[in-house]
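Asks: I'd like to ask you about the structure that follows.
The values are calculated or read from the model by the stated rules, or taken from the named source; none is laboratory data. From a predicted model like this one, the values you see are computed outputs, not experimental measurements. We place every Cβ from the backbone using ideal geometry, glycine too, and count neighbours over all the protein chains shown. Ligands, DNA and RNA are stripped out before the accessible areas are found, and what is left, the full protein with its side chains, is counted by its heavy atoms. Shrake-Rupley method; radii C 1.70, N 1.55, O 1.52, S 1.80 Å.
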Amino acid sequence: MDSTQAKMLIVSLLGKSVGGWLVEEELGYGKSAVVMRATSGERTGALKVFHPELVERYGEEKQIARISRETGLIGSKHPNLVEIYAGGKCSETGHLFVVMELVPYRNLKSSIKDIPTTSIRSIIEQLASAAIFLEERGLVHRDIKPENIAISENYESIKLLDLGVLRPFAESNLTDIDQRPFIGTLRYSSPEFLQRKEEHSLEGWRALTVYQIGAVLYDLLMKREIFSEFSSPYSVLVEAVLKETPDVYGEDPDLVRLCRHCLTKNPGTRLELVSWNDFTTSTDANLTVEILRNRIKGRQLHFNDTSVTASIGAAELLRLQRKELQDLCSRLGAAIAIALNDLQCFPLRKSLEESSYDGCSCRLLIFFEKSSEIGLHQHLHVGFSLTLEDQNNGKPIYTLKACSSLAKDELSLHQFDISKKLITGDANEVINHSLLEAFFLKCLEAAYQQLDKSGSEIESSQVVLDTIK
């Protein structure tokens, strides 16, 4: 719909009633519909009327199905989601329409450069809350971007707008009205969504939502549109969404870390790194300066100069993966030694290391001698498994798994089932001094608790300790 067609439709509707709503004035228009201020009794709303040619071209039944996704939310309220009042087909004019809350806020896209840093965390938390609200009802927004977010003048409250591309999780055969290659906005679409390779499940759609929230967070932190340097031509922007990892930095290292994790290209890895809990406000009141310092240090990301180009052959890539993993495993061993030396509460130890043939994982076993002097009457074993999850465009993501057990004799790595995840992240997050210290202390405490139950002896040759919930 061009501007002439939009003006003609608006003029034909002014002063008339659509679905029981009196049209009062124009608010704007887009490719598929016009939006006008309308009233019904004492209620005022934003009335969206779809262009008749669009409806005719793609079929009224499909458009009504799309509208029904929005009207399914009538009566459901969330402080950060635009409220739907009515919708359907007007019996008098024949027009298809949706009426929603008229939000008296300005657009986030036009306000990006004015948003204070102190407001960003709250904005993202509210945005995630709206997305969770939809997810709990089996729906995904699919077009989260600054242009579809309204923000109050004091930057304290936001509303997620434009529910026109809502989609139920499970309906993979559902057809979108305008038949575009993808529904949403290219710049803020995840790679798998752009290529229409998204998984039609709760996890698949959550991965898209997490990415889009991360893209909004990028704009807020960097005060510019994501991939702004790749805006034209169209093919360059497509390539950037698929392959470029945006550089992001800011005053809050936790938000920077969250943003980078949200923008991870691989959807599976993205969900390994990000959960809904990561969007909630943390409370630091009870943290000591030392703990806070270590936590922030562990979470900060550093720019990685390593890049893996498409020209690298499979054999060379495998060699580089093995070297990076071996180096990281060595760093892990060194970090463990430092942590144990700092703690000064463990007996003598030795380490065993094993790397996989495919170069994607390595395992490390720490074996502690029995020590009657400290009341450790059985051998404590602590095992780690470090796995390369995703090359992530030259900024690898790893998973560190761990477990611990008491045993009468020394165990080998093959007798150890290392299956519980400790952390997923980049190299600096995985090799986290405070995380390792805390885990070893939990292992030792669990060992003492087990010995308190069973005495100095254990019934079986090996007792696995519950140290990771």
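Asks: When all protein chains stay in place, what accessible area (Å², nearest 10, 1.4 Å probe) is found for Thr245?
Replies: 40
Asks: Moving to a separate point now. Return one number: the angle in degrees, 0 to 90 and rounded to the nearest 10, between the long axis of the Cα atoms of helix 117-135 and the longest principal axis of the Cα atoms of the chain.
Replies: Roughly 80 degrees, rounded to the nearest 10.
Asks: At a probe radius of 1.4 Å, what is the per-residue accessible area of Ile374, in Å² to the nearest 10?
Replies: Accessible surface of Ile374 is approximately 60 Å².
Asks: For n ≥ 4 DSSP H runs only, could you compute -39500 (n - 2.57) per run for the chain, divide by its residues and tell me the 222 nm figure to the nearest 500?
Replies: Theoretical 222 nm ellipticity from helices: -11500 deg cm²/dmol.
Asks: Between Glu369 and Leu14, what's the calculated FRET efficiency when r is the beta-carbon distance and R0 is 60 Å? Round to 0.05.
Replies: 0.10
Asks: For Glu229, Glu354, give me the order by solvent-accessible area with a 1.4 Å probe, most accessible first, ignoring ligands, DNA and RNA.
Replies: So the residues, ranked largest to smallest area, are Glu229, Glu354.
Asks: Kindly state, to the nearest 0.05, the FRET efficiency for Arg37 paired with Lys421, given R0 = 56 Å and r defined as their beta-carbon distance.
Replies: 0.60
Asks: So between Arg137 and Ser434, what do we pick up on full extension, going 0.36 nm a residue minus the alpha carbon distance?
Replies: Taking 0.36 nm per residue and subtracting the Cα distance, the gain is 103.0 nm.
Asks: Also: Can you put Lys113, Lys442 in order of accessible area, largest first, using a 1.4 Å probe?
Replies: Per-residue accessible area, sorted high to low, gives Lys113, Lys442.
Asks: Let me ask something additional. State to the nearest 20 debye the size of the charge dipole of the chain about its Cα centre, where the only charges are +1 on K and R beta carbons and -1 on D and E beta carbons.
Replies: It works out to roughly 460 debye.
Asks: Output the pairs from Lys442/Lys469; Lys7/Lys31; Lys145/Lys223; Lys31/Lys145; Lys223/Lys395; Lys109/Lys159 with a Cα-Cα distance over 19 Å in this structure; if there are none, say none.
Replies: Correct reply: Lys223/Lys395.
Asks: Give me the net charge for the shell around Ala334: Cβ to Cβ below 13 angstrom, other residues only, Lys and Arg +1, Asp and Glu -1.
Replies: -2
Asks: Please list Glu61, Glu445 in order of solvent-accessible area, largest first, computed with a 1.4 Å probe with all protein chains present.
Replies: From most exposed to least exposed: Glu61, Glu445.
Asks: Under the Karplus relation 6.51 cos²θ - 1.76 cosθ + 1.60, θ = phi - 60°, what is the ordered set of whole-Hz ³J(HN,Hα) values for the range 231-243, x standing for Gly and Pro?
Replies: 5, 8, x, 3, 5, 5, 5, 4, 4, 5, 4, 6, 10
Asks: Could you work out the relative contact order of the range 345-469? I mean the mean sequence separation of Cα pairs under 8 Å and 6+ apart, divided by the number of residues, in percent.
Replies: 22
Asks: With a cut-off of 8 Å between alpha carbons and a minimum separation of six or more residues, what is the relative contact order of the chain in percent?
Replies: Once normalised by length, the contact order is 9 percent.
Asks: Remind me, relative contact order of the range 315-410 in percent, using alpha carbon pairs under 8 angstrom and six or more residues apart?
Replies: Once divided by the residue count of the range 315-410, the mean separation gives 21 percent.
Asks: If you stretched the chain out fully between Ser68 and Thr118, how much longer would it get, using 0.36 nm times the residue separation minus the C-alpha to C-alpha distance?
Replies: 14.2 nm
Asks: For each cysteine in the chain, check whether another cysteine's C-beta sits under 4.7 Å from its C-beta; list those where none does.
Replies: For the chain, the answer is Cys90, Cys259, Cys262, Cys345, Cys360, Cys403, Cys443, because their Cβ atoms have no other cysteine Cβ under 4.7 Å.
Asks: Per residue of the range 2-14, what does 6.51 cos²θ - 1.76 cosθ + 1.60 with θ = phi - 60° give for ³J(HN,Hα)? Whole Hz please, x for Gly and Pro, Karplus curve as stated.
Replies: Ordered by residue, 3J(HN,Hα) equals 8, 5, 5, 5, 5, 4, 5, 5, 5, 4, 5, 9, 4 Hz.
Asks: What accessible surface, in Å², does a 1.4 Å probe find on Tyr58, ignoring ligands, DNA and RNA and rounding to the nearest 10?
Replies: 60
Asks: Where the eigenvalues come from the Cα gyration tensor of the range 214-275, what are the semi-axes √(5λ) of the equivalent ellipsoid, largest first, in whole Å?
Replies: Here the semi-axes work out to 20, 16, 7 Å.
Asks: Rounded to a whole number, what is D in µm²/s for the chain from Stokes-Einstein with the Kirkwood radius over alpha-carbon pairs (25 °C, 0.890 mPa s)?
Replies: Translational diffusion coefficient: 96 µm²/s.
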